[in-house]
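The values are calculated or read from the model by the stated rules, or taken from the named source; none is laboratory data. These numbers come from a predicted model, not from an experiment. Cβ placement follows ideal geometry from the backbone for every residue including glycine, while neighbour counts extend to all protein chains displayed. Ligands, DNA and RNA are stripped out before the accessible areas are found, and what is left, the full protein with its side chains, is counted by its heavy atoms. Shrake-Rupley method; radii C 1.70, N 1.55, O 1.52, S 1.80 Å.
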Amino acid sequence: MSDETLLSARGLNLHFGTIPALVNVDADLWPGEVLAVVGESGSGKTTLLNVLSGRMAAQSGVVWYRDTAGRIADVHAMPQPSLRALHRSDWGFVQQNPRDNLRMGVTAGGNVGERLMAQGSRHYGDIRAEAIRWLEQVEIDADRVDDLPRTFSGGMLQRLQIARTLVTHPRLVFMDEPTGGLDVSVQARLLDLIRGLVARFGIAAVLVTHDLAVARLLAHRVMVMQRGVVVETGLTDQVLDDPQHPYTQLLVSSVLQA
Amino acid sequence: MTGYNFAYLDEQTKRMIRRALLKAVAIPGHQVPFGSREMPLPYGWGTGGIQVTAAVLGPNDTLKVIDQGADDTTNAVSIRRFFARTAGVATTTRTAEATIIQTRHRIPEQKLHENQIIVYQVPQPEPLSRLESSRIETTRMHGLAEYGLMHVKLYEDITRFGHVSLSYDYPVMVNDRYLMAPSPIPAFDNPKMDMMPALQLFGAGREKRIYAIPPYTKVVSLDFDDHPFRTTRAPHACGLCGATDSYLDEVVTDDRGGRLFVCSDTDHCETHRDVGHVGSEGVAA
């Protein structure tokens, strides 16, 4: 099965001075699969996401990506234009703070349409129709298409960011705490939406979260990180219901029961 | 004139500018940095254009300088006199007789030919400057030909106004590769740049950039398939010469709403009148 992975990493190491961010990290992601990376803050989750997506270089180790034609490419050895093209088309990145990704001075339609235009779409009507279709997919009213993002609520901004990312039908999406900073009812709705979209379009995702409930709901597999080391990995239910490593046991037992 | 080198700049400076010009011509639409000098006129008056003109000017050239199409505005008159005094070259207001035309904000109405060079004065050479403030980032976007952002701007215009609201400095693609600011010429003039037989040179003095379009190069104004690029002009005939095909200036003539529309290209207007055309406000020759 390992020759069918979408993304594979072997032996990733990265230290910030004396602080270990990644220590011999291996990771595999299969097409259509959601992998959650959990752990406390400072455990190297976001660093792993940045290294896997080629936005940050590791000190040693490799990341391979298998493209639509089945060719395998080393993400960190790829020329800059190819990597940027990948980030514009096959890949997507959902940030914790949607304002980092959205253009706040550009209408919702323009935000969703940007990736299409970057890929060469040159038909205004088609771009607009596609933008409206995607706003509906993320449950934003079609008549908000000409509104600026600053008139949107926090949850709507996050959904707009998701529409903007998914409009080019990426195969792989990196998500960094997509539900962070939202109130609980908005979180639940957003999680439900992400789960639906990921399943419907068969998107593979690497999801960074400190919230085990998010991992439980969205992920097929979980990686638990502590001080840059992957201490436990496995199927979500297996890891969360029967944690083996003391740190995972601590994480699972420290979740507040309502 | 004694005390000055020919055409004011020293020979080393002219060679430096010519090297930048050669590079610019070799890569149509690409902005080449150059060591812009202090010139005896303020930034915004054409310090870039005047340096490019000085570098390409020869003793046998005939110079024409226009500002907003007119030969008789302050800027045009002073630059023309500057070169008449420092280089002793012949000057003219006739587009057809000039070998070098330095311009601000217009391309002459009359078609240019192969033996001419047109030098544009450019305030802002970077077409993406208003969308992306980082020079490092825009350089990278040019390098990788990532121009989706410019279309986002056009998309926003159509969404807000129903059409692209840019009426001057309308961005163009040069030779299917580089996005270029055509300097603040009206969008009306954009089609003249496409496959122009004359060499087009652009100088931005304050921004220290030179770029160029070689003769017979493809220049396309950006647009959408369903919102094609269109030129606009005031729906009037020239009040002096009656021309209906030229770009017009609106001149306020009194405080009771009086308006006069005249050709912005003064040479075009005079040529038209010389052969007997008279507009509604004009006097027969």
The one condition in (1) on the phi > 0 side of the Ramachandran plot; (2) open to solvent by 50 Å² or more (accessible area, probe 1.4 Å); (3) in a strand (DSSP E or B) that A:W64 fails to fulfil: (1)
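Conditions tested, residue by residue: (1) open to solvent by 30 Å² or more (accessible area, probe 1.4 Å); (2) farther than 19 Å from A:L49 by Cα; (3) modelled with pLDDT of 95 or more; (4) within 16 Å of the chain's Cα centre (by Cα).
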{"site": "A:R150", "(1), (2), (3), (4)": "yes, yes, no, no"}
{"site": "A:R159", "(1), (2), (3), (4)": "no, yes, no, yes"}
{"site": "A:D183", "(1), (2), (3), (4)": "yes, yes, no, no"}
{"site": "A:V186", "(1), (2), (3), (4)": "yes, yes, no, no"}
{"site": "A:L191", "(1), (2), (3), (4)": "no, yes, no, yes"}
{"site": "A:T209", "(1), (2), (3), (4)": "no, no, no, yes"}
With the requirement that a residue be in a helix (DSSP H, G or I), out of contact with any Gly (no Cβ under 8 Å at 6 or more places or on another chain) and not charged (D, E, K, R), what does the stretch A:136-157 give you? A:Q137, A:A142, A:P149, A:T151, A:G155, A:M156, A:L157
Scanning the stretch A:119-156 for residues that are in contact (Cβ under 8 Å) with a residue 24 or more places away in the chain, more than 14 Å from every other protein chain (Cβ to nearest Cβ) and under 22 Å from A:D90 (Cα atoms) gives A:W134, A:Q137, A:V138
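Take the residues in the stretch B:118-156 that are among the small types (G, A, S) and more than 14 Å from chain A (Cβ to nearest Cβ), then tell me which one is surrounded by the fewest Cβ atoms within 10 Å (Cβ to Cβ). I'd like the intermediate steps shown before the answer.
The initial filter retains those residues of the stretch B:118-156 that are among the small types (G, A, S), namely B:129, B:133-134, B:143, B:145, B:148.
So of that shortlist, the ones also more than 14 Å from chain A (Cβ to nearest Cβ) come out as B:129, B:134.
Values: B:S129: 14, B:S134: 11.
Per the stated criteria, the residue is B:S134.
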Taking the residues in the stretch B:166-187 that are under 21 Å from B:V122 (Cβ atoms) and open to solvent by 30 Å² or more (accessible area, probe 1.4 Å) as candidates, determine which candidate is farthest from the other protein chains (Cβ to nearest Cβ). B:Y168
Select from the stretch A:67-118 the residues that are of a type in the set (G, A, S) and more than 14 Å from every other protein chain (Cβ to nearest Cβ) and write down the one among them that is least open to solvent (accessible area, probe 1.4 Å). A:G92
When restricted to B:P197, B:P235, the only residue more than 14 Å from chain A (Cβ to nearest Cβ), part of a loop (DSSP other than H, G, I, E, B) and closer than 26 Å to B:A54 by Cα is B:P197
